[in-house]
Amino acid sequence: RSDCNPHDLLQPIADWLARLGKPAAVLTWNFLGGQRVCEACCFAGIDVPREVSVLSADFDQLVSDVCDPPLTCVDQAPRQVGYLAAAELDRLFAGGVVEEPKLINPNGIIWKQSVMTERVDDPLVSDALAFIRARVASGVRIDELCAHLGVSRRKLELRFRQTVGHGPVACLRRLRLQEGCRLLSETNLLVKQIALKCGFGSSEQFQRLLRAEVGMTPMQYRSANRRPPRGTAPPQMLDLGDSAG
């Protein structure tokens, strides 16, 4: 309703969220519901995703991106559903008979910042990981991270090692590799283009790290892990705790 106070809409959701044990996760039927839950969390002073993670069972690029934080969604393959529905209607109009319902698997999950994929008790490290994940594809640097958090590099290094067992450089390297693996799986970009998009100094550096971590060349990885675009691999696809650095 256009005449309804937004606070009146958010208050019941905020009250319900406040009663949940924390940490908690909320799955909504569609992206508008996910946006409303994120707004209610903000209204109630509940941290997303540290206290409540939010996942939508439907996807809209614009809503996902403008949501605060960006909303993690399930890609239900609507284009494939539309094509198959049109083909089925064409078959029925041509005299075909109704068949058993066809089940279509979703493409996957489009991971954004509304879901916490690893439990990190240190708020500084948690904020650092969220910042890195949101900007890993743009080549974020450690000095940018320190400036954003307002801490020295030495302090950040110490807190990372105390919390996750390795430094922020190793974490950033692994997250860049994860993004590179996603692009190999979902796009036809050249290896050189992927390396550049993920912040690697060269395609050779990307290839060396990929071979060291998963034992494959980029083309071998692409062949073995090809999948439709938009649904992305979960951020914990590669273990962030194995490497020192």
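Nothing in this text is a laboratory measurement; each read-out follows from the coordinates by a stated rule. These numbers were taken from a predicted model, which means no experiment stands behind them. Note that each Cβ is placed from the backbone with ideal geometry, even for glycine, and that neighbours are counted across all protein chains shown.
Would you be able to say whether some residue in the range 91-101 is part of a loop (DSSP other than H, G, I, E, B) and within 14 Å of Cys171 (Cα to Cα)? Talk me through it step by step, then tell me what you get.
Filtering the range 91-101 down to residues part of a loop (DSSP other than H, G, I, E, B) leaves 94-101.
Remaining after also requiring within 14 Å of Cys171 (Cα to Cα): none.
Looking for residues that are part of a loop (DSSP other than H, G, I, E, B) and within 14 Å of Cys171 (Cα to Cα), one finds none in the range 91-101, hence no.
Scanning the range 49-68 for residues that are among the polar types (S, T, N, Q) and touching a helix residue (DSSP H, G or I) at 6+ places or on another chain (Cβ under 7 Å), which turns out farthest from Ile13 (Cα to Cα)?
In this case the residue turns out to be Ser64.
With respect to Cys38, determine if the residue is part of a helix (DSSP H, G or I) and touching a strand residue (DSSP E or B) at 6+ places or on another chain (Cβ under 6 Å).
It is true that Cys38 is part of a helix (DSSP H, G or I) and touching a strand residue (DSSP E or B) at 6+ places or on another chain (Cβ under 6 Å).
Could you list all residues from the range 7-23 that are surrounded by fewer than 13 Cβ atoms within 10 Å (Cβ to Cβ) and either acidic (Asp, Glu) or touching a residue at least 24 places away in the same chain (Cβ under 8 Å) (or both)?
His7, Asp8, Asp15, Lys22
For the structure I just gave you, tell me whether Leu145 is buried (at least 18 other Cβ atoms within 10 Å of the Cβ) and over 20 Å from Arg222 (Cα atoms).
yes
Which pairs turn up if I take residues in the range 159-182 that are over 22 Å from Gly215 (Cβ atoms) and look for partners that are among the basic types (Lys, Arg) and assigned to a helix (DSSP H, G or I) with beta carbon separation below 8 Å, at least 6 apart in sequence or on another chain?
That search, which allows pairs on different chains as well, returns Gly167/Arg161.
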